[in-house]
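The values are calculated or read from the model by the stated rules, or taken from the named source; none is laboratory data. In this text, all values refer to a predicted model and were calculated from it rather than measured experimentally. Cβ: placed from backbone, ideal geometry, glycine included. Neighbour counts: every protein chain shown. Note: areas computed on protein heavy atoms with side chains; ligands, DNA, RNA excluded. Shrake-Rupley method; radii C 1.70, N 1.55, O 1.52, S 1.80 Å.
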Amino acid sequence: MDNSQSYLLLAFRLLGSLALLMYGMKTMSDALQKMAGPQLRHILGAMTTNRFTGMLTGIGVTAAVQSSTATTVMTVSFVSAGLLTLAQAISVIMGANIGTTLTAWIMSAGFSFNITDFVYPAFFIAIILIYRKSNRVVGDFLFGIAFMFLGLGTLRQTGIDMNLGQNESVLAFFSSFDAQAFSTTLLFLLIGGILTMCVQSSAAVMAITMILCSSGVLPIYQGIALVMGENIGTTVTSNIVALSAGTQARRAAFAHMFFNLFGVCWILMVFRPFVDMVCGLVGYDVTMTKDVGNAVFLANAAKLSFVLAAFHTCFNLVNTGILIWFIPQIEKLVCRVIKSKKEDEEEDTRLHYIQGGLMKTPEISVLQAQKEITLFGVRIQRMFGMVRDLLDEKDADKFTKLYSRIEKYEGISDNMEIEIARYLEQVSDAHLSDETKQKIRSMLREISEIESIGDACFNLARTMNRLMQSNKDFTEKQYKELRNMIQLTDDSLTQMNVVMQGRYEEGELRTPEGQIINKNETFRIENDINTLRNQLKAENIKAVNEHEYDYSVGTMYTDIVSECEKLGDYVVNVVEARLGK
């Protein structure tokens, strides 16, 4: 085999092993989140009482799920839902930056010895667990670990086979840069950022850096500059993704970028002393050259993967230690840079929680969808409020404008149902836990019933429009009874939204403030609506027979009463779906 074929084969091995590494990390992270998703969400909500517990929560959750992105996304969803302040979210994101450094330590361990011999039993055990469906998630987790370490082992062996330390052209390329020059550090920092943005994986860039450094090709100072660039590159990506998301998501992403940019700025001022200190901690001799002998030199170079991991950890620890005291100031800065859009809340009809593209993990995506459905319920009650106003509106022009708005909202509710359902279908394509599959089925039922409430609201408006066009009117007694019916219907919508916003704690459904929600209140109101409907229908027949008003007015009157009762039935269906009945 000639050299060109040999190098081509090695290049494919390099790319393939990077793909294995990235796939393994994603599979492992997804499996961990499936195993602990609800608990992690509870931890994030409960353990952020101050900036320090927030930081520790961010470290713990990120170390557990091996994904700072997942932690950041969960945090943003809590901010959007009002369960966390932006300041608390910033502290969690700082912790997530520390927690994600565990990945570098795992990778450095993989580079220090040949771990591939140990992955095959893990594959065997994993496939058994996957076929035993009850332990499928654990099997996925083992598969992820095995793929990750297989990728690392293959990367390590590929680096050895490439023999970069003896390749004159590669050595000449890297030696062409002045190792002492500040411009070289900036150049490699830029390269690291661009590489991370291109491959969408900071772990892949870290692995490439470890190969180059461990083979003795890339000096440690340039390697660490690549790692610094990787820190910035990963935040640029999240900011681009967050552009289409809500204001709080963009602020959280910008705070993440500010954290890393600030860290890079101060580290550049003390670059060499700081790197030398980290090398000293690991026991790496920065002054050693090949003159001491190839074996000794490579043994020293083998420590470089640990130097990179140690630098990554020290950098984030020190940066957090500095910035954690200035969280209120960071919050003011990001709010000043990213201003909230000044728009009429009633006309703000965008999807808020599931449009940004930040959600990559199915288990956490369900939380975002639930927030969107909760908002859907609030908007539908707003639409019913317009119907309530329409009943008493006597000015023809104002009536027409209000009717047009209700018609517009009916179209919006149809679109929201389709968009949320499409999102849930995409989420359900992934491998999910049985509990999450059941949640998705319930959520699909919720959006269908909420959309039916929107249809009922529009039917009410159309009946009122018919009355207006007929130049007839209800009697004062009819208006009084209809207002009673509409008030009861609005009460049922209010209770529906209370249930939708509730969360389970200690076996009880509670409001965000911690008060226990009466699950039977919706059913009590529905009984009252049914009783009133029967009473009003009976009274209507009597009134028509006694010629208090004509038959057409009585028909429109009973249409409104019946439609309110139907709407109450839809509300009950939503609540039952939310309660899992």
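Descriptive notes on the structure:
- Taking every protein chain into account, the 1.4 Å probe leaves residue 448 with about 50 Å² of accessible area, to the nearest ten.
- For the pair residue 546 and residue 448, the difference between a 0.36 nm per residue extended length and the Cα-Cα distance amounts to 31.1 nm.
- Working from label points 7 Å from Cα in the Cα-to-Cβ sense, the residue 504 to residue 401 distance is 4.7 nm.
- Per-residue 3J(HN,Hα) values for segment 485-497, derived from phi via the Karplus relation 6.51 cos²θ - 1.76 cosθ + 1.60 with θ = phi - 60°, read 5, 5, 5, 4, 5, 5, 4, 5, 5, 4, 5, 4, 5 Hz in sequence order (x marks Gly and Pro).
- Hz values of 3J(HN,Hα) by residue in segment 182-195 - Karplus curve (6.51, -1.76, 1.60), Gly and Pro given as x: 5, 5, 5, 4, 5, 5, 5, 4, 5, 4, x, x, 5, 4
- The calculated FRET efficiency for residue 579 paired with residue 135, based on their beta-carbon distance and R0 = 35 Å, is about 0.75.
- Contour minus Cα-Cα distance for residue 190 and residue 472 (0.36 nm per residue): 94.1 nm
- The heavy atoms of residue 466 present about 110 square angstrom of accessible area, all protein chains included, probe 1.4 Å.
- Accessible area (Å², 1.4 Å probe, nearest 10) - residue 8: 100
- Using a Förster distance of 30 Å, the FRET efficiency for residue 434-residue 19 (Cβ separation, nearest 0.05): 0.50
- Prolate/oblate/rounded call for segment 488-581, Cα gyration tensor, a/c under 1.5 rounded: prolate
- Shape of segment 362-457, Cα gyration tensor, a/c cut at 1.5: prolate
- Other residues within the sphere of radius under 9 Å centred on the Cβ of residue 376, judged by their own Cβ, net out at -3 (K and R +1, D and E -1).
- Once the C-beta distance of residue 335 and residue 378 is scaled by a Förster radius of 30 Å, the resulting FRET efficiency is 0.80 to the nearest 0.05.
- Within-11-Å neighbourhood charge of residue 491 [Cβ basis; K, R +1; D, E -1]: -3
- Label point at residue 484 placed 7 Å out along Cα→Cβ; residues across segment 552-572 whose backbone nitrogen lies under 20 Å: 554-569
- Estimated distance in nm for a label pair at residue 462 and residue 12, the labels positioned 7 Å out from Cα along Cα-to-Cβ: 6.3
- Extending 7 Å from the Cα toward the beta-carbon at both residue 287 and residue 534 defines two label points whose distance is 9.7 nm.
- Shape call, segment 373-526: gyration tensor on alpha carbons, a/c limit 1.5: oblate
- Taking θ as phi - 60° and the Karplus parameters 6.51, -1.76 and 1.60, the scalar couplings of segment 323-329 work out to 7, 5, 7, 10, 4, x, 5 Hz in sequence order, x denoting glycine and proline.
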